[in-house]
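Encoded as structure tokens, the structure appears first; notes follow it.
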Amino acid sequence: MPEVDPRAQTEERADDFRALEEEIESSFVARKRLFIGLITGTSILLCLLLVLFWLIPFVGLRTIHPLAPWILGLFVVVSIGLVAWAALALVLNILGFRKIFMSRRLRGLTIKIFLPMMTIFGRALGIPKQKIQASFIKVNNELVLAENRRYRPEEILMLMPHCLQNSRCTVRLTYEIQNCKRCGLCPIAGLLDLSDRYGVRLAVATGGTIARRIVVQNRPRLILAVACERDLSSGIQDTYPLPVFGILNRRPKGPCLDTLVPIEHLEWALERFLVVSRSARSEI
Ligand code: SF4
């Protein structure tokens with residue numbers, strides 16, 4: 001048998017990851033654009049509301065004190081400045097200026113304030129909720145990556161939805177994923193292999209309450225979550241400030257039935273977040 005050069009293997013693997021990274025990036029370009037559009041629209045709307053908030057009582061305020069309208073005006077100008085800064089910082093962050101702006105604060109701001117407002121604004125424009133959620137997940141992922149933190153394997157939890165399990169499989173996986181017989185009929189077997197290879201924890205949740213319980217019990221410092229747009233965006237909101245890197249599942253048979261997971265995306269994320277990744281270890 002011909003001998004395999006380990007360096008050539010490592011380079012080949014690095015090329016594969018680069019290609020995958022480019023593929024992931026290009027598949028999300030539209031989502032990024034949508035997010036930038038929505039965030040700009042929402043901020044302009046917010047600023048207009050603030051101007052209105054100043055204009056309406058302007059005449060009446062003079063009767064209280066001659067300086068009152070100007071004090072209120074200053075408050076509005078500062079608020080507009082803050083909204084504009086937050087929106088600009090977020091957009092610049094999305095465009096790749098990662099080190100300049102505070103990603104952690106921005107993630108909180110996006111999750112707590114911009115997402116609910118963007119959803120209302122987007123719905124008013126007739127944009128489907130699912131599209132807005134997918135765009136939010138993408139931007140959240142960018143901000144989590146921008147924090148540039150690395151984790152030990154035991155600090156990472158891979159959280160999977162129950163619908164990945166083959167619908168005819170009778171094995172009970174919640175709380176004990178090792179019950180899986182690894183027959184290969186569904187993605188759980190491949191996920192277990194991945195968790196063994198990288199030493200990270202893996203859990204399956206049947207719903208939001210169980211997912212929260214698993215997170216509380218495991219106390220991870222980073223979650224790699226796989227789910228649909230709705231569950232991922234609500235999970236990201238629920239677990240804030242805990243960083244969640246979300247990966248959308250694939251649904252060839254429709255929602256919640258025999259869904260699939262892009263295991264190569266999970267592996268790519270593990271390589272990005274682990275202190276010493278598997279490929280780095282093989283180079284040592
Ligand atoms: S891989 Fe595991 S969970 Fe999936 S069908 Fe086989 S035994 Fe069931």
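The values are calculated or read from the model by the stated rules, or taken from the named source; none is laboratory data. Keep in mind that what you see is a predicted model, and the values were worked out from it rather than measured. For neighbour counting, all protein chains shown are included, and Cβ atoms are generated from backbone atoms with ideal geometry for every residue, glycine included. When the accessible area is computed, the model is the full protein with side chains, heavy atoms only, and any ligands, DNA or RNA have been set aside. Shrake-Rupley method; radii C 1.70, N 1.55, O 1.52, S 1.80 Å.
Return yes or no: is Ile223 away from the ligand (no atom under 16 Å from the Cβ), closer than 27 Å to Asn148 by Cβ, part of a strand (DSSP E or B) and within 18 Å of the chain's Cα centre (by Cα)? So Ile223 passes the test. When the stretch 55-82 is filtered for residues that are within 36 Å of the chain's Cα centre (by Cα) and either surrounded by 15 or more Cβ atoms within 10 Å (Cβ to Cβ) or small (Gly, Ala, Ser) (or both), the ones remaining, listed by number, are Val76, Ser79, Ile80, Gly81. Can you pull out the residues in the stretch 129-173 that are in contact with a strand residue (DSSP E or B) (Cβ under 6 Å, 6 or more places away or on another chain) and of a type in the set (Val, Ile, Thr)? Selection gives Ile137, Val144, Ile156. Would you point out which residue out of Arg213, Arg197, Arg230 is within 28 Å of Arg150 (Cβ to Cβ), in contact (Cβ under 8 Å) with a residue 40 or more places away in the chain, in a helix (DSSP H, G or I) and not polar (S, T, N, Q)? After applying the criteria, what remains is Arg197.
Residue count for the stretch 158-193 satisfying the condition of being more than 10 Å from the ligand (Cβ to nearest atom) and surrounded by 19 or more Cβ atoms within 10 Å (Cβ to Cβ): 5. Looking at the stretch 110-133, can you tell me whether even one residue there is of a type outside the set (Phe, Trp, Tyr) and touching a Pro at 6+ places or on another chain (Cβ under 8 Å)? Checking the stretch 110-133: not a single residue is of a type outside the set (Phe, Trp, Tyr) and touching a Pro at 6+ places or on another chain (Cβ under 8 Å). Just one of the listed residues (Leu202, Leu159, Leu266) is within 24 Å of Leu143 (Cα to Cα) and touching a Ser or Thr at 6+ places or on another chain (Cβ under 6 Å), namely Leu202. For the stretch 51-96, residues that are more than 20 Å from Phe136 (Cβ to Cβ) and of a type in the set (Gly, Ala, Ser) total 6.
Has the stretch 138-155 got any residue that is open to solvent by 10 Å² or more (accessible area, probe 1.4 Å), at pLDDT 95 or above, farther than 15 Å from Ala225 by Cβ and within 10 Å of the ligand (Cβ to nearest atom)? No. Within the stretch 194-221, restricting attention to residues that are out of contact with any Leu (no Cβ under 8 Å at 6 or more places or on another chain) and among the β-branched types (Val, Ile, Thr), the residue that is surrounded by the most Cβ atoms within 10 Å (Cβ to Cβ) is Ile210.
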